[in-house]
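The values are calculated or read from the model by the stated rules, or taken from the named source; none is laboratory data. Everything quoted here is computed from the prediction, not taken from an experiment. In this analysis, Cβ positions are derived from the backbone assuming ideal geometry, glycine residues included, and neighbour counts consider all displayed protein chains. With ligands, DNA and RNA removed, areas are computed over all heavy atoms of the protein, side chains included. Shrake-Rupley method; radii C 1.70, N 1.55, O 1.52, S 1.80 Å.
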Amino acid sequence: RRVLFRSAGVEGVEPQSETVWRQADKHHVPRVAFVNKLDRIGADYFAVVQDINEKLHGNALAMQIPVGESENFHAIIDVLTKKMATFDEASQGTKIEWVEVPAEFKDKVEELYTKILERACDFNDSMAERYLEGKAISVDEIKAAIRKGVIAQAVTPVFGGSAFKN
(Lines give C-alpha, C1' and ligand atoms only; values in the text may rest on other atoms or scores of the structure.)
Protein backbone atom coordinates (compact mmCIF):
# COMPACT_ATOMS: atom_id res chain seq x y z
CA ARG A 1 0.00 0.00 0.00
CA ARG A 2 1.31 3.41 -0.96
CA VAL A 3 -0.13 6.87 -0.92
CA LEU A 4 0.82 9.54 -3.38
CA PHE A 5 0.37 12.67 -1.34
CA ARG A 6 -0.59 15.58 -3.60
CA SER A 7 -0.54 19.25 -2.77
CA ALA A 8 -1.00 22.38 -4.84
CA GLY A 9 2.08 24.56 -5.17
CA VAL A 10 0.09 27.73 -4.47
CA GLU A 11 -1.82 26.77 -1.34
CA GLY A 12 0.86 24.59 0.22
CA VAL A 13 -0.29 21.78 2.49
CA GLU A 14 -4.07 21.99 2.50
CA PRO A 15 -6.47 20.69 5.20
CA GLN A 16 -7.58 17.71 3.09
CA SER A 17 -3.91 16.84 2.55
CA GLU A 18 -3.36 16.91 6.31
CA THR A 19 -6.28 14.51 6.75
CA VAL A 20 -4.89 12.10 4.18
CA TRP A 21 -1.46 12.37 5.81
CA ARG A 22 -2.85 11.54 9.28
CA GLN A 23 -4.66 8.51 7.86
CA ALA A 24 -1.46 7.33 6.18
CA ASP A 25 0.35 7.72 9.52
CA LYS A 26 -2.40 5.85 11.35
CA HIS A 27 -2.27 2.93 8.93
CA HIS A 28 1.54 2.98 8.49
CA VAL A 29 1.39 3.68 4.77
CA PRO A 30 4.60 4.77 3.00
CA ARG A 31 4.24 7.81 0.77
CA VAL A 32 5.75 10.10 -1.83
CA ALA A 33 4.56 13.64 -2.51
CA PHE A 34 3.75 15.47 -5.72
CA VAL A 35 3.46 19.25 -5.72
CA ASN A 36 0.97 20.04 -8.46
CA LYS A 37 0.03 23.28 -10.24
CA LEU A 38 3.54 24.74 -10.36
CA ASP A 39 2.39 26.70 -13.41
CA ARG A 40 0.09 28.90 -11.32
CA ILE A 41 0.90 32.35 -9.98
CA GLY A 42 2.36 32.11 -6.49
CA ALA A 43 3.34 28.44 -6.72
CA ASP A 44 6.36 27.61 -4.56
CA TYR A 45 7.69 24.04 -4.62
CA PHE A 46 10.23 24.58 -1.87
CA ALA A 47 7.65 26.24 0.41
CA VAL A 48 5.50 23.10 0.11
CA VAL A 49 8.52 20.92 0.96
CA GLN A 50 9.04 23.09 4.04
CA ASP A 51 5.31 22.88 4.90
CA ILE A 52 5.44 19.08 4.76
CA ASN A 53 8.33 19.13 7.21
CA GLU A 54 6.87 21.74 9.56
CA LYS A 55 3.15 20.93 9.53
CA LEU A 56 3.25 17.19 8.96
CA HIS A 57 6.72 16.23 10.27
CA GLY A 58 7.08 14.37 6.99
CA ASN A 59 10.86 14.24 6.52
CA ALA A 60 10.30 15.69 3.05
CA LEU A 61 13.19 15.50 0.61
CA ALA A 62 13.14 17.63 -2.55
CA MET A 63 14.03 15.39 -5.48
CA GLN A 64 13.57 17.98 -8.23
CA ILE A 65 14.00 21.67 -8.96
CA PRO A 66 11.29 23.48 -10.93
CA VAL A 67 12.52 25.81 -13.66
CA GLY A 68 10.53 28.97 -14.26
CA GLU A 69 7.89 30.45 -12.01
CA SER A 70 4.13 30.69 -12.42
CA GLU A 71 3.10 30.80 -16.07
CA ASN A 72 6.81 30.62 -17.02
CA PHE A 73 7.21 27.18 -15.43
CA HIS A 74 8.63 25.08 -18.25
CA ALA A 75 11.03 22.44 -16.97
CA ILE A 76 12.02 20.19 -14.08
CA ILE A 77 15.55 19.33 -13.03
CA ASP A 78 16.02 15.77 -11.80
CA VAL A 79 18.58 16.18 -9.03
CA LEU A 80 19.79 12.57 -9.04
CA THR A 81 20.58 12.39 -12.75
CA LYS A 82 21.53 16.08 -12.90
CA LYS A 83 19.49 16.50 -16.09
CA MET A 84 16.72 18.92 -16.99
CA ALA A 85 13.47 17.77 -18.60
CA THR A 86 11.93 20.32 -20.94
CA PHE A 87 8.35 19.93 -22.10
CA ASP A 88 7.22 20.83 -25.59
CA GLU A 89 4.30 23.29 -25.51
CA ALA A 90 3.04 22.31 -28.96
CA SER A 91 2.46 18.73 -27.76
CA GLN A 92 1.07 19.99 -24.44
CA GLY A 93 3.99 18.53 -22.58
CA THR A 94 3.84 15.02 -23.98
CA LYS A 95 7.18 15.42 -25.78
CA ILE A 96 10.04 15.57 -23.27
CA GLU A 97 13.65 16.40 -24.00
CA TRP A 98 16.42 15.78 -21.46
CA VAL A 99 19.19 18.39 -21.56
CA GLU A 100 22.10 19.61 -19.46
CA VAL A 101 21.32 21.69 -16.39
CA PRO A 102 21.76 25.43 -16.98
CA ALA A 103 24.75 26.97 -15.19
CA GLU A 104 22.60 29.07 -12.85
CA PHE A 105 21.16 25.88 -11.30
CA LYS A 106 24.40 23.92 -10.86
CA ASP A 107 25.00 25.01 -7.24
CA LYS A 108 21.40 24.25 -6.18
CA VAL A 109 21.57 20.85 -7.88
CA GLU A 110 24.79 20.00 -6.02
CA GLU A 111 23.32 21.21 -2.71
CA LEU A 112 20.20 19.06 -3.09
CA TYR A 113 22.15 16.10 -4.47
CA THR A 114 24.30 16.11 -1.34
CA LYS A 115 21.19 16.24 0.88
CA ILE A 116 19.64 13.31 -0.99
CA LEU A 117 22.85 11.29 -0.89
CA GLU A 118 23.39 11.93 2.82
CA ARG A 119 19.77 11.02 3.57
CA ALA A 120 20.09 7.85 1.47
CA CYS A 121 23.15 6.88 3.50
CA ASP A 122 20.90 6.75 6.58
CA PHE A 123 19.32 3.63 5.07
CA ASN A 124 22.41 1.83 3.78
CA ASP A 125 25.47 1.47 6.02
CA SER A 126 27.86 0.20 3.32
CA MET A 127 26.88 3.12 1.09
CA ALA A 128 27.50 5.49 4.00
CA GLU A 129 30.98 4.06 4.46
CA ARG A 130 31.78 4.49 0.76
CA TYR A 131 30.42 8.04 0.86
CA LEU A 132 32.68 8.91 3.79
CA GLU A 133 35.62 7.38 1.91
CA GLY A 134 34.82 9.58 -1.10
CA LYS A 135 33.94 6.66 -3.34
CA ALA A 136 31.38 6.89 -6.12
CA ILE A 137 27.78 5.86 -5.49
CA SER A 138 25.42 5.11 -8.35
CA VAL A 139 22.02 6.68 -8.89
CA ASP A 140 20.44 3.20 -8.66
CA GLU A 141 22.02 2.67 -5.23
CA ILE A 142 20.72 6.02 -4.03
CA LYS A 143 17.23 5.23 -5.34
CA ALA A 144 17.25 1.83 -3.62
CA ALA A 145 18.29 3.40 -0.32
CA ILE A 146 15.64 6.14 -0.57
CA ARG A 147 13.05 3.47 -1.38
CA LYS A 148 14.06 1.64 1.79
CA GLY A 149 13.55 4.89 3.72
CA VAL A 150 10.13 5.43 2.13
CA ILE A 151 9.02 1.92 3.09
CA ALA A 152 10.22 2.59 6.65
CA GLN A 153 8.24 5.88 6.55
CA ALA A 154 11.43 7.75 7.43
CA VAL A 155 11.58 9.94 4.33
CA THR A 156 9.10 11.42 1.85
CA PRO A 157 10.52 12.16 -1.61
CA VAL A 158 8.88 15.23 -3.13
CA PHE A 159 8.36 15.68 -6.85
CA GLY A 160 6.60 18.47 -8.72
CA GLY A 161 4.94 19.53 -11.93
CA SER A 162 1.76 20.63 -13.58
CA ALA A 163 -0.79 17.91 -14.25
CA PHE A 164 -2.73 20.31 -16.47
CA LYS A 165 0.27 20.71 -18.78
CA ASN A 166 1.25 17.01 -18.57
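In straight-distance terms, cross-link reach from LYS55 covers every one of the lysines whose alpha-carbon lies under 21 Å from its own, apart from those fewer than eight places away in the same chain; here that gives LYS26, LYS37, LYS115.
Would you give the gap between the C-alpha center of region 34-87 and the C-alpha center of region 92-150, rounded to a whole Å? What the calculation gives is 16 Å, centre to centre. With both bridge residues required to lie in the chain, what share of the DSSP beta bridges run antiparallel, to the nearest 5%? Expressed as a percentage, antiparallel bridges in the chain total about 55. Under the criterion of Cα pairs below 8 Å and six or more residues apart, the relative contact order for the chain equals 27 percent.
Only helical runs count toward this figure. For the chain, summing -39,500 (n - 2.57) over DSSP H runs of n ≥ 4 and dividing by all residues gives -11500 deg cm²/dmol at 222 nm. Paramagnetic label reach from GLU141 (point 7 Å along Cα→Cβ; backbone nitrogen cut-off under 13 Å): within region 95-117, residues 117. Amide H to amide H distances under 5 Å link ALA43 with SER70, where only residues 5 or more positions off or on other chains count and H is placed in the peptide plane. For LEU61, the residues 5 or more places off, or on other chains, whose built amide H falls under 5 Å of its own are THR156, VAL158.
Near ILE137, no amide H atom lies under 5 Å from its own; only residues 5 or more places off or on other chains count, and H is placed 1.01 Å from N.
For region 92-148, the C-alpha radius of gyration sits at 1.38 times the compact-globule guess of 2.2 N^0.38 Å, with N the residue count.
For region 38-44, the Karplus equation 6.51 cos²θ - 1.76 cosθ + 1.60, evaluated at θ = phi - 60°, returns couplings of 5, 8, 8, 4, x, 5, 9 Hz by residue, with Gly and Pro reported as x. Per residue, the chain exposes 57 Å² of accessible surface when a 1.4 Å probe is rolled over the protein heavy atoms with every protein chain present.
Positive contributions from Lys and Arg (+1) and negative ones from Asp and Glu (-1), summed over other residues with Cβ under 12 Å from the Cβ of GLU141, come out at +4. Each residue of region 138-146 was assigned a 3J(HN,Hα) from its phi angle through the Karplus expression (A = 6.51, B = -1.76, C = 1.60, θ = phi - 60°), giving 7, 4, 4, 5, 5, 4, 5, 5, 4 Hz with x at Gly and Pro.
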